[in-house]
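Enquirer: I have a structure here, written as structure tokens, and I will follow up with some questions on it.
The values are calculated or read from the model by the stated rules, or taken from the named source; none is laboratory data. Note that the structure is a prediction, hence the values are computed from the model and not measured. A quick note on method: Cβ atoms are made from the backbone with ideal geometry, for glycine too, and the neighbour counts reach across all protein chains shown.
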Amino acid sequence: VYDAVLKVKNEATQLLVPGTLWKEYHVEVGKVMTSELLGLGLLDKADVQNEDPAWPAYKKYFMHGTSHHLGLDTHDYGLLHEPMQPNMVFTVEPGIYIPAEGFGIRLEDDVVIQASGAPFNLMRNIPIEAAEIESLMNEN
């Protein structure tokens, strides 16, 4: 589950480029999340085929948005109908929550959209890969 959330976070981050529209971004992230939930066996093809477009099947395990503007306030105001622009700052925080098993995993990075290239990860020096975290835990 951790690796699935990490994959969604990494792929969602790459979508944060100038010109991206908020609504389209969330649709694309939803596709990645759906794929990961299918891979985990939490959803099956029938769940996806029969989903309500207003509440996609993945929302059973990932019920919040992936990102929000970040600025002077934690949840800063931003115009969601305008394309993303360089120097805008967003969180990227997908999660998978499995109530029946009593746990959830949510990962977050904060990134700055760049004029060209990949977004600049403000949290790039914080270990997030499972192997990095396990290595740190084994040092003590």
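Enquirer: Which condition from (1) in a loop (DSSP other than H, G, I, E, B); (2) touching a Pro at 6+ places or on another chain (Cβ under 9 Å); (3) at pLDDT below 95; (4) surrounded by 10 or more Cβ atoms within 10 Å (Cβ to Cβ) is the one that Gly78 breaks?
Expert: The one condition Gly78 does not meet is (2).
Enquirer: Follow-up. So which pairs qualify, if the first residue must be in segment 102-118 and small (Gly, Ala, Ser), the second must be in a loop (DSSP other than H, G, I, E, B) and surrounded by fewer than 16 Cβ atoms within 10 Å (Cβ to Cβ), the Cβ gap must be under 8 Å, and the two must be at least 6 apart or on different chains?
Expert: Close Cβ pairs (under 8 Å, with a partner that is in a loop (DSSP other than H, G, I, E, B) and surrounded by fewer than 16 Cβ atoms within 10 Å (Cβ to Cβ)) amount to Ala115/Pro18; Ala115/Pro86.
Enquirer: Please state which one of Val17, Val29, Val8 is β-branched (Val, Ile, Thr) and either without any contact (Cβ under 8 Å) to a residue 24 or more places away in the chain or in a loop (DSSP other than H, G, I, E, B) (or both).
Expert: Only one candidate qualifies: Val17.
Enquirer: Another one. Could you check, for segment 57-71, whether at least one of its residues is polar (S, T, N, Q), surrounded by fewer than 12 Cβ atoms within 10 Å (Cβ to Cβ) and either over 16 Å from the mean Cα position of the chain (by Cα) or modelled with pLDDT under 95 (or both)?
Expert: no
Enquirer: Still on this structure: Since Trp22 meets every condition but one in (1) at pLDDT 95 or above; (2) surrounded by 11 or more Cβ atoms within 10 Å (Cβ to Cβ), which condition does it not meet?
Expert: Unmet condition: (1).
Enquirer: Is it true that some residue in segment 106-118 is surrounded by 11 or more Cβ atoms within 10 Å (Cβ to Cβ) and within 17 Å of Lys59 (Cα to Cα)?
Expert: Among the residues of segment 106-118, at least one is surrounded by 11 or more Cβ atoms within 10 Å (Cβ to Cβ) and within 17 Å of Lys59 (Cα to Cα), which makes the answer yes.
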